[in-house]
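In what follows, a structure is listed as structure tokens, so that the remarks can point back to it.
The values are calculated or read from the model by the stated rules, or taken from the named source; none is laboratory data. Everything quoted here is computed from the prediction, not taken from an experiment. A quick note on method: Cβ atoms are made from the backbone with ideal geometry, for glycine too, and the neighbour counts reach across all protein chains shown.
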């Protein structure tokens, strides 16, 4: 049988592409060597948020006295926390499998190698008119001497831990590193972050970076920026900052310095696939330089987020049927599930200025919001950037409770090119944290 589309990789980009292809009327085979759902469902987004919920609940219960609730002898069972995480992951995975099979998508559990226009999967030859590659990425292993120390772990290992380390050193101050910092700090670890750049959360607005660092330090998380890790010796991380060599000890050392695409072994030696710094090069239609082969998600390296991969998968599947759709990255939300949450969409202040915009900006603090005060979560703000001439919304940056939920409103606004006046006309329910959008707009 010759399939209309073969999708390699069963993560968000892959299964979204497969589902869209079926909607387009295609016969589809989905090849996944590990578990359906990819890193996001099995070793990333879902398990980390499930663990973070347990940690946040534990933190809130410890502070119950602030709300007039008396609770004594608070403790937690890490084994049961992991057990709950597994139940959530398995429930979603079972649901996904049933959905895909119910849509008529054939699922093959096997590793895959592309040989010309054929796919070799566990000694089977798969033929398809179009191929969509969605094989994701893995935690990066930076060339640090001693990285094989028994104290070193990567993000994949966190979801298997049966106890909380007394101290944790995290190498890397990006979104993943900060989420784990929040998780372990709330559960009682002494957490230190070492970041090479001069600020954490690279790629976020400078005011979000500064506010996040201030809040996390107040929570007891040590943050060391502008520091280059030189070596790991057993449980010691040796780093250099401002020309001085220092060291810090961690019962566990979590390396969180980004991810690398899973392209090794995917193509045979005759392949002429074009690469871009290790990623598969694609255009805005998610096409590679090889006719009828597309790539989406982390392996394409355009925007390494699960929701970006889903959107790219849909674009690739549509274009495989001649629909000529282009992927847009102008309104991709970025979310960090720390405490408090962080979310952003559109341009940062520096990006807007560099693009030549005359900026109108304002901030609305959570401490002025009724819902935030009632909840007792008053740290943070909403910052809105608009173009002075057209009044179109350029970027929105949030740090505070519910930020990852509220961001969708302004994602829509930027996607549709709405102006300050148009968004101001939206009636927000009261009392909600989402009213900060209205408050910030009124201050424009």
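Is there a residue in region 103-110 that is closer than 26 Å to residue 265 by Cα, part of a loop (DSSP other than H, G, I, E, B), touching a residue at least 24 places away in the same chain (Cβ under 8 Å) and under 28 Å from the mean Cα position of the chain (by Cα)?
yes
With the requirement that a residue be surrounded by 22 or more Cβ atoms within 10 Å (Cβ to Cβ) and either over 12 Å from residue 437 (Cβ atoms) or at pLDDT below 95 (or both), what does region 382-393 give you?
385, 386
May I ask you to say which residue of 182, 149, 138 is under 28 Å from residue 257 (Cβ atoms), in contact (Cβ under 8 Å) with a residue 40 or more places away in the chain and surrounded by 21 or more Cβ atoms within 10 Å (Cβ to Cβ)?
Step by step, each of 182, 149, 138 is checked, and only 182 is under 28 Å from residue 257 (Cβ atoms), in contact (Cβ under 8 Å) with a residue 40 or more places away in the chain and surrounded by 21 or more Cβ atoms within 10 Å (Cβ to Cβ).
When residues of region 420-443 are filtered for being buried (at least 18 other Cβ atoms within 10 Å of the Cβ) and not in a helix (DSSP H, G or I), how many remain?
The total comes to 2.
With the requirement that a residue be within 20 Å of residue 37 (Cβ to Cβ) and either under 14 Å from the mean Cα position of the chain (by Cα) or surrounded by fewer than 21 Cβ atoms within 10 Å (Cβ to Cβ) (or both), what does region 293-310 give you?
We begin by selecting, within region 293-310, every residue within 20 Å of residue 37 (Cβ to Cβ); these are 295-300, 303-310.
297, 298, 303, 304, 305, 306, 307, 308, 309, 310 - these are the residues of region 293-310 that are within 20 Å of residue 37 (Cβ to Cβ) and either under 14 Å from the mean Cα position of the chain (by Cα) or surrounded by fewer than 21 Cβ atoms within 10 Å (Cβ to Cβ) (or both).
Look at region 386-419 and say how many of its residues are more than 21 Å from residue 374 (Cα to Cα) and part of a strand (DSSP E or B).
Qualifying residue count, region 386-419: 9.
Residues 290, 325, 359: which one is touching a helix residue (DSSP H, G or I) at 6+ places or on another chain (Cβ under 6 Å), surrounded by fewer than 19 Cβ atoms within 10 Å (Cβ to Cβ), more than 30 Å from residue 375 (Cβ to Cβ) and not assigned by TED's automatic domain parsing to the domain that holds residue 415? Reasoning before the result, please.
Numbers: 290 fails: touching a helix residue (DSSP H, G or I) at 6+ places or on another chain (Cβ under 6 Å); 359 fails: not assigned by TED's automatic domain parsing to the domain that holds residue 415.
Only one candidate passes the filter, namely 325.
Look through 377, 338 and report the one residue that is free of Cβ contacts under 8 Å to residues at least 60 places away in the same chain and closer than 26 Å to residue 44 by Cβ. Don't jump to the end; show me each part of the working.
Working: 338 fails: free of Cβ contacts under 8 Å to residues at least 60 places away in the same chain.
When all the criteria are applied, what remains is 377.
Touching a residue at least 40 places away in the same chain (Cβ under 8 Å), in a helix (DSSP H, G or I) and farther than 21 Å from residue 128 by Cα - does that describe any residue in region 283-302?
Taking every residue of region 283-302 in turn, at least one turns out to be touching a residue at least 40 places away in the same chain (Cβ under 8 Å), in a helix (DSSP H, G or I) and farther than 21 Å from residue 128 by Cα.
Would you confirm whether any residue within region 107-124 is exposed (fewer than 14 other Cβ atoms within 10 Å of the Cβ) and either touching a strand residue (DSSP E or B) at 6+ places or on another chain (Cβ under 6 Å) or not assigned by TED's automatic domain parsing to the domain that holds residue 14 (or both)?
So far as region 107-124 goes, no, none of its residues is exposed (fewer than 14 other Cβ atoms within 10 Å of the Cβ) and either touching a strand residue (DSSP E or B) at 6+ places or on another chain (Cβ under 6 Å) or not assigned by TED's automatic domain parsing to the domain that holds residue 14 (or both).
In region 188-230, what residues are within 25 Å of residue 82 (Cα to Cα) and over 22 Å from the mean Cα position of the chain (by Cα)?
Passing the criteria: 188, 189, 190, 219, 220.
Taking region 202-256 only, how many residues are touching a residue at least 60 places away in the same chain (Cβ under 8 Å) and either part of a strand (DSSP E or B) or touching a strand residue (DSSP E or B) at 6+ places or on another chain (Cβ under 8 Å) (or both)?
25
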